[in-house]
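Q: The structure's right below; bear with me while I get my questions together.
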């Protein structure tokens, strides 16, 4: 059986700008998510949720949508082109091309998608990249509701005095809960109410650690990351 292969006349790998601009059309769900200070475009609700996960991942350094178009020949010998959804650059230096698909879509479009994935993996290997396919099963995992909640606090302004008091209260106990930490740090109700958003900002930025696989509440167990 003939396997798809990447054509030799493919574009040079310039990953500074998108290879394809996401259209604003009625048929596609389009939008943007802020990741590391950049507005990244998406074409579906699932891509939106994938970008939310990236925005909350401290190992992610940068994201580019529609990063490169790959010419290839499919299993029937036909010339075609494929553009992966995202290129993700990680703090460690790794770069990964990501394809985002619903699990049902993979089943119904298996033959067409298989050729694209083979071309994507071949291109990635040639250029020292990784290539990954992900679905809603991983993107919308048990922690996703918490990530969505915390994203609302991610870009809040730092409040050094308030946050220092919260961190000191947590560190004195080793482990605590949001309610216990705030009660220990502040003596009046107004200050305690004002400290709730700064506490969740600390969790959103990974300064305070919580188990995101369980619903976050004011009684969740938390600890402070080592300075």
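Q: Taking into account only those residues within segment 149-179 that are in a helix (DSSP H, G or I) and under 21 Å from the mean Cα position of the chain (by Cα), which is surrounded by the fewest Cβ atoms within 10 Å (Cβ to Cβ)?
A: Filtering segment 149-179 for residues that are in a helix (DSSP H, G or I) and under 21 Å from the mean Cα position of the chain (by Cα), the one surrounded by the fewest Cβ atoms within 10 Å (Cβ to Cβ) comes out as 152.
Q: Starting from residues that are over 20 Å from residue 139 (Cα atoms) and surrounded by 15 or more Cβ atoms within 10 Å (Cβ to Cβ), keep the ones in segment 84-119 and report whichever is farthest from the chain's Cα centre (by Cα).
A: Restricting to residues being over 20 Å from residue 139 (Cα atoms) and surrounded by 15 or more Cβ atoms within 10 Å (Cβ to Cβ), the top hit is 115.
Q: Identify the residue in segment 181-227 that is assigned to a helix (DSSP H, G or I) and in contact with a strand residue (DSSP E or B) (Cβ under 6 Å, 6 or more places away or on another chain) and, among all such residues, is surrounded by the most Cβ atoms within 10 Å (Cβ to Cβ).
A: The extreme case among them is 202.
Q: May I ask you to list the residues in segment 116-141 that are in contact with a strand residue (DSSP E or B) (Cβ under 7 Å, 6 or more places away or on another chain) and part of a helix (DSSP H, G or I)?
A: 116, 117, 119, 120, 121, 122, 123, 124
Q: Suppose the filter is out of contact with any strand residue (DSSP E or B) (no Cβ under 7 Å at 6 or more places or on another chain) and on the phi < 0 side of the Ramachandran plot; does residue 109 pass it?
A: yes
Q: Of all residues in segment 164-180, which are touching a strand residue (DSSP E or B) at 6+ places or on another chain (Cβ under 9 Å) and in contact (Cβ under 8 Å) with a residue 24 or more places away in the chain?
A: Residues satisfying the conditions are 166, 167, 170, 171, 174, 175, 176, 177, 178.
Q: Additional query: List every residue pair whose Cβ atoms sit under 6 Å apart, with the two residues 6 or more apart in sequence or on different chains, where the first one lies in segment 112-136 and is farther than 23 Å from residue 44 by Cβ and the second, anywhere, is exposed (fewer than 15 other Cβ atoms within 10 Å of the Cβ).
A: Pairs that qualify, where the first residue is farther than 23 Å from residue 44 by Cβ and the partner is exposed (fewer than 15 other Cβ atoms within 10 Å of the Cβ), are 127/13.
Q: Only residues that are over 29 Å from the mean Cα position of the chain (by Cα) and under 23 Å from residue 145 (Cβ atoms): list them for segment 182-222, please.
A: 182
Laboratory data are not the source of any read-out in this text; all were calculated from the coordinates shown. Here the structure is a predicted model, which is why all the values come from computation and not from measurement. All Cβ positions, even for glycine, are placed from backbone atoms using ideal geometry, and neighbour counts span all protein chains on display.
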